[in-house]
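Read the figures in this text as sums done on the coordinates, not as results from a lab. The shown structure was predicted, so the numbers you read here are calculated from the model rather than taken from an experiment. Glycine also receives a Cβ, built like all others from the backbone with ideal geometry; neighbour counts cover every protein chain displayed.
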Amino acid sequence: MREQVAIIDIGSSAIVTLLGEVGVNGTLNIISKGEVSYAGFQNAEFLEPENLKFAIASCISNAEGLVDAKISEIYVGVPGEFSAVVTKNVSLSFAKQKRVSELDVNNILRTGNTFQNEVGYSLVGQSAIYYSVDDAQKYINPVGQKARKVTGFISYMLATKYYIKLLKSIFSELKISIKGFVSAVFAEGLYLFDPSVRDKYVLFVDIGYITTNVALVRGNGLLFLSSFSMGGGYISSDLSQCLRIPFSEAERLKNKVVLAWQPAQCDTYIVEGGETMSTYAAKATNEIVTDRVELIADYIQKCLDLCVFDLPDFLPVYITGGGFGGVRGIRNVLSKKLKRQVLRANPKTLQAARPYNSSEEGLLNLALNFPELLDKVIIKV
């Protein structure tokens with residue numbers, strides 16, 4: 001019988017539980033899914049923390065009900081807003097040349113872990129971006145190589161103690177064991193991009209409903225992460241306020257928008273809702289949406305400006321996440337503002353290859369397809 005794994009993805013507008021197993025050729029076979037909308041979070045604080053336990057319990061129960069099974073242990077994703085990343089070079093020298101062992105690699109990871117007294121954060125994960133042997137040849141895994149010195153360029157992933165404490169308390173009450181906290185952005189990067197792409201630099205942006213994550217990945221490590229509280233839900237809010245329409249109507253209108261279209265003054269969008277049908281000036285609607293997308297692009301650029309790693313102009317930006325919904329023409333607006341090529345990154349499953357599945361499926365993929373990483377990546381807290 002194939003091993004089944006459960007993960008929970010805490011998004012900015014919905015919580016998702018997946019129960020899955022490894023499918024053919026390492027693909028994801030999603031057996032069951034539970035999803036519950038909730039108030040979400042903003043500025044690294046849950047908006048309704050008193051209701052979080054109920055939302056999580058309902059989400060897990062929904063997933064269990066589809067397969068008539070009990071989830072007793074689970075991997076918990078850590079959203080970008082509750083995360084931080086620190087990279088450092090950590091060296092280990094030997095008295096004489098020897099073959100590098102697995103123990104040596106573990107010692108490098110452990111030596112660099114100086115976060116026990118970190119204020120406000122706990123270490124939840126670690127991953128080597130690469131190792132260099134005798135300050136020369138680089139390896140993803142140096143085990144077996146002859147060396148007198150090995151240096152690991154290590155990514156240490158942290159989560160806020162507020163998030164860890166709250167989630168541990170909730171799952172303790174639900175009597176579900178946490179197998180580990182996992183950086184959702186890190187898992188997403190491993191999932192969306194093939195190793196040949198990650199061997200270079202991959203810059204990607206996950207645009208959610210209320211939050212946006214900007215990340216730089218290389219190899220099997222997360223180099224840089226920055227987040228801000230603004231996403232696709234703000235577009236709906238702008239449409240609702242500017243056009244004085246209900247938020248639900250603004251959501252439907254948002255999904256009609258085509259930013260690549262340059263409408264005439266008389267052109268309209270038609271929105272159907274139940275037995276009613278409303279029309280909205282396309283030109284004004286596009287201007288409202290464009291203004292917000294450009295503002296989000298400005299915030300993305302501010303995040304990029306914080307990155308200490310070189311980001312050459314030819315490095316494209318990949319976008320994923322479900323925040324922009326059905327809005328078409330987003331990439332052109334972002335590309336113009338960021339002065340970079342903007343490409344889409346979609347999940348690979350046949351069951352649901354949509355950008356808003358990237359985070360949840362990334363977590364499941366890491367839990368199922370990277371057993372060699374899990375032992376080193378997951379830090380029990």
### Task
Would you work out if the stretch 174-300 is rounded, prolate or oblate? Take a ≥ b ≥ c from the square roots of the eigenvalues of the alpha-carbon gyration tensor; rounded if a/c is under 1.5, else prolate when a/b is larger than b/c, oblate otherwise.
prolate
### Message
If I model a spin label as a point 7 Å beyond the Cα along the Cα-Cβ vector, how far apart are those points for PHE115 and GLU35 in nm?
### Response
3.0
### Summary
Diffusion coefficient in µm²/s returned for the stretch 117-254 by Stokes-Einstein, Kirkwood Rh over C-alpha pairs, 4 °C and 1.567 mPa s, is 71
### Query
Between CYS266 and LEU343, what length in nm is gained on full extension when 0.36 nm per residue of separation is reduced by their alpha carbon distance?
24.5 nm
### Summary
Highest mean packing first, using Cβ neighbours within 10 angstrom, the peptides 90-101, 334-345 sort as 334-345, 90-101
### Task
Could you check the simple spin-label distance between LEU66 and GLU102, using points 7 Å along Cα→Cβ, in nm with one decimal?
3.5
### Query
How large is the helix-only mean residue ellipticity at 222 nm for the chain, computed as the sum of -39500 (n - 2.57) over DSSP H runs with n ≥ 4, divided by its residue count, in deg cm²/dmol to the nearest 500?
-10000 deg cm²/dmol
### Task
Indicate the gyration tensor shape class of the stretch 1-131 (rounded, prolate or oblate), computed on the Cα atoms with a ≥ b ≥ c the square roots of the eigenvalues: a/c under 1.5 is rounded; otherwise a/b larger than b/c is prolate and the rest oblate.
oblate
### Task
Going by C-beta contacts inside 10 Å, put VAL289, VAL133 in order with the fewest on the left.
VAL133, VAL289
### Task
Taking only Cα atoms and a 10 Å spring cutoff, compute GNM fluctuations for the chain and point out the largest among ILE270, ILE288, ILE30.
ILE270
### Query
Could you give the distance between the Cα centres of the stretch 136-189 and the stretch 267-330, to the whole Å?
32
### Task
Output the peptides 238-247, 358-367 sorted from most to least packed, where packing is the average of other Cβ atoms within 10 Å over each peptide's residues.
358-367, 238-247
